[in-house]
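What follows is a set of notes on a single structure, which appears directly below.
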Amino acid sequence: MTTIAETTVEYREPTPGDLPDIQVIDGAAFPTGPYPFFVLRQLLHADSSRSVVAVEPGDDEDEVVGYALTIMGEGSRAWLLSLAVSPDRRGHGYGRGLLQHSIEVCQDKGDADEIWLTVDPKNVTAYTLFKDFGFVMRVHDEEYFGEGHPRDVLVYKLRRLPELPTVVTDENGYPGA
């Protein structure tokens, strides 16, 4: 558990019971293009073990205040498909906590070398968060989600290639001087 602004927050794998809260948060964060409920359901059904919800304990029940949906893509590439925080909880570190836990989950699973995501280049808050964590631009696409919907594709390297030993060469560049 993590404490943020005097509130105890738990980061955990989402359950089917979290879907209504995730849908509400998704709709608030992406009002012009939220995921339909059935898509959220199928994404979690396909691979909920990489996704994370931020939960505040309540008197009667816990409240989901943010989510990060991550799935395994082709090869050794994980995709962070969506990350959002309830509007009334923004600016308190929940997004940072969700991203940190998402990266840790992908590292712990050990089968992904990179995490890929897309971000609207005008979304300065999200862009800054991802850059602060070490995501780097891979490509800019003016029509990633169709005409008038540009996205930058960012990549985070989970594993660094081991450094190769220095090879001593002779004056012609051949090994073994």
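The numbers here are math on the coordinates, done by the rules we state, and not lab data. These numbers were taken from a predicted model, which means no experiment stands behind them.
What the table shows:
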| quantity | calculated |
| --- | --- |
| Contour excess over end-to-end distance, with Cα ends at Gln100 and Asp170 and 0.36 nm allotted per residue | 20.6 nm |
| Val65 long-range amide H proximity, modeled H, under 5 Å | Ala54, Val55, Glu56 |
| Candidate lysines - alpha carbon under 16 Å from Lys131, same-chain residues fewer than 8 apart omitted | Lys122, Lys157 |
| Choice from Arg50, Arg41, Arg89 showing the highest fluctuation, given a GNM over the chain with Cα pairs closer than 10 Å | Arg89 |
| Placed amide H near Arg138: partners under 5 Å, 5+ positions off or other chain | Val153, Leu154, Val155 |
| Normalised contact order of segment 2-157, rounded percent, pairs of Cα under 8 Å and 6 or more residues apart | 18 percent |
| Calculated over the chain: convex hull of Cα atoms, volume per residue (Å³) | 167 Å³ |
| Amide H contacts of Gly73 (H built 1.01 Å from N, under 5 Å, at least 5 apart or other chain) | Ala78, Trp79 |
| In order through segment 62-74: 3J(HN,Hα) via Karplus (6.51 cos²θ - 1.76 cosθ + 1.60), integer Hz, x for Gly, Pro | 6, 10, 6, 10, x, 8, 9, 9, 10, 10, 7, x, 6 |
| For segment 90-103, Karplus couplings with θ = phi - 60° (6.51, -1.76, 1.60), whole Hz, Gly/Pro x | 5, x, 10, x, 5, x, 4, x, 5, 5, 4, 5, 5, 4 |
| Per-residue HN-Hα couplings for segment 136-147 [Karplus 6.51, -1.76, 1.60; θ = phi - 60°; Hz; x = Gly/Pro] | 10, 5, 9, 7, 10, 10, 5, 10, 4, 10, x, 4 |
| Theoretical ellipticity at 222 nm over the chain - DSSP helices of four or more residues, -39500 (n - 2.57) apiece, nearest 500 | -8500 deg cm²/dmol |
